[in-house]
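Written below as structure tokens is the structure these notes are about.
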């Protein structure tokens, strides 16, 4: 099986700068896994350790059941796509794609067959004899994907391959990446800092911050049950609102407004007097005239199909996605939807859980 297993893996430079600390992670064979996080969190380093481009300071890395710490990159049977296209400028698309197979002494008939297959999948058949300078950025990136695809390696590694593309090309390229995976089901590890790419491409997502795994799960699990405040605010656009509140007399107090806490949530919240609450902008229910919590509109953005409203409630700056159009300075009321709310410990930022429903 072509699974990947990290056991207590650490990576440091000069014994001083720790990039990865005590990483334990299993990537099942054939899975589409996303490594997601802000710049500098260690996600590219993890990918490069799999490829053999970064040495491991301590711990063990297994690929397909074999310890690969000391195995050279060329012997790991991986295909990798980098952020920059890394195409040979003097070679045609056809020769760029075939170059690796030619070095590996793959027969010409087989090289041609594999190249035509990859070009067809990625819609590049008509550009076969063009040079890279005659292609757009999106087309060059697809050539790089073709070059990795023809290798048919059991491990397919991608390091922010869509970051140089515009928004429209990214959308179509994401669909192509999923299509590639469904063709021959390699173990697929994709590095990105773009949470939309992670949610749309990944079967599972690993969210990293400061070299530590914050949460691993399906896109639905991470969106609906974030493990902590960092994950809650990293996933979603606009991101989840997280504010401070207090608990007293069986009520959740946001500023001067108190809302009765349902019994099932009282069991979860316990005897905390301080708490952080989270609510996604698209889950906020605004009302005019009366409601649970007073809010004042401070800023609006017209997105055409929706209005993004910034407002202040109980001293917390928050965002909401709304259908009606409000204006600066409007007084509104936010109704708490208890089936959409999240609570985090005020000291640790960890999610305190959900009622059993």
Self-check item: For residue 35: the one exception among (1) over 30 Å from residue 236 (Cβ atoms); (2) surrounded by 13 or more Cβ atoms within 10 Å (Cβ to Cβ); (3) touching a helix residue (DSSP H, G or I) at 6+ places or on another chain (Cβ under 6 Å)
Solution: (1)
Quiz item: Considering only residues of the stretch 13-32 that are over 22 Å from the mean Cα position of the chain (by Cα) and loosely packed, with under 14 Cβ neighbours inside 10 Å, which is nearest to residue 220 (Cα to Cα)?
Solution: 17
Quiz item: Is there any pair with a first residue in the stretch 14-32 that is without any contact (Cβ under 8 Å) to a residue 24 or more places away in the chain and a second that is outside any strand (DSSP E or B) and crowded, with 18+ Cβ neighbours inside 10 Å whose Cβ atoms are under 9 Å apart and which are 6 or more apart or on different chains, and what are they?
Solution: none
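Rundown of residues vs (1) at pLDDT below 95; (2) surrounded by 20 or more Cβ atoms within 10 Å (Cβ to Cβ), yes/no style:
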| position | (1), (2) |
| --- | --- |
| 212 | yes, no |
| 218 | no, no |
| 227 | no, no |
| 232 | no, yes |
| 235 | yes, yes |
| 239 | yes, no |
| 249 | yes, no |
| 255 | yes, no |
Quiz prompt | Total residues in the stretch 1-12, condition in contact with a strand residue (DSSP E or B) (Cβ under 7 Å, 6 or more places away or on another chain) and surrounded by fewer than 20 Cβ atoms within 10 Å (Cβ to Cβ) | solution = 7
Quiz item: What do you reckon, is residue 294 out of contact with any helix residue (DSSP H, G or I) (no Cβ under 7 Å at 6 or more places or on another chain), more than 17 Å from residue 238 (Cβ to Cβ) and touching a residue at least 12 places away in the same chain (Cβ under 8 Å)?
Solution: yes
Exercise. Could you please give the count of residues in the stretch 122-163 that are surrounded by fewer than 18 Cβ atoms within 10 Å (Cβ to Cβ), on the phi > 0 side of the Ramachandran plot and in contact with a strand residue (DSSP E or B) (Cβ under 9 Å, 6 or more places away or on another chain)?
Key: 1
Quiz prompt | Residue check, residue 84 assigned to a loop (DSSP other than H, G, I, E, B), without any contact (Cβ under 8 Å) to a residue 40 or more places away in the chain and over 21 Å from residue 183 (Cβ atoms) | solution = no
Exercise. Report those strands (runs of 3 or more DSSP E) wholly inside the stretch 2-41 carrying at least 2 residues which are within 16 Å of residue 203 (Cα to Cα) and outside the structural domain of residue 194 (by TED's automatic domain parsing).
Key: none
Quiz item: When you go through (1) over 25 Å from the mean Cα position of the chain (by Cα); (2) within 22 Å of residue 210 (Cβ to Cβ) one by one for residue 47, which number turns out not to apply?
Solution: (1)
Quiz prompt | helices (runs of 4 or more DSSP H) contained in the stretch 113-227 and holding at least 3 residues more than 23 Å from the chain's Cα centre (by Cα) | solution = 137-149
Self-check item: Candidate set from the stretch 315-332 (those that are surrounded by 17 or more Cβ atoms within 10 Å (Cβ to Cβ) and modelled with pLDDT of 85 or more); member that is nearest to residue 269 (Cα to Cα)
Solution: 316
Quiz prompt | Residue check, residue 312 over 19 Å from residue 255 (Cβ atoms), assigned to a strand (DSSP E or B) and at pLDDT below 90 | solution = no
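The values are calculated or read from the model by the stated rules, or taken from the named source; none is laboratory data. Computed from a predicted model, the values in this text were never measured in an experiment. We place every Cβ from the backbone using ideal geometry, glycine too, and count neighbours over all the protein chains shown.
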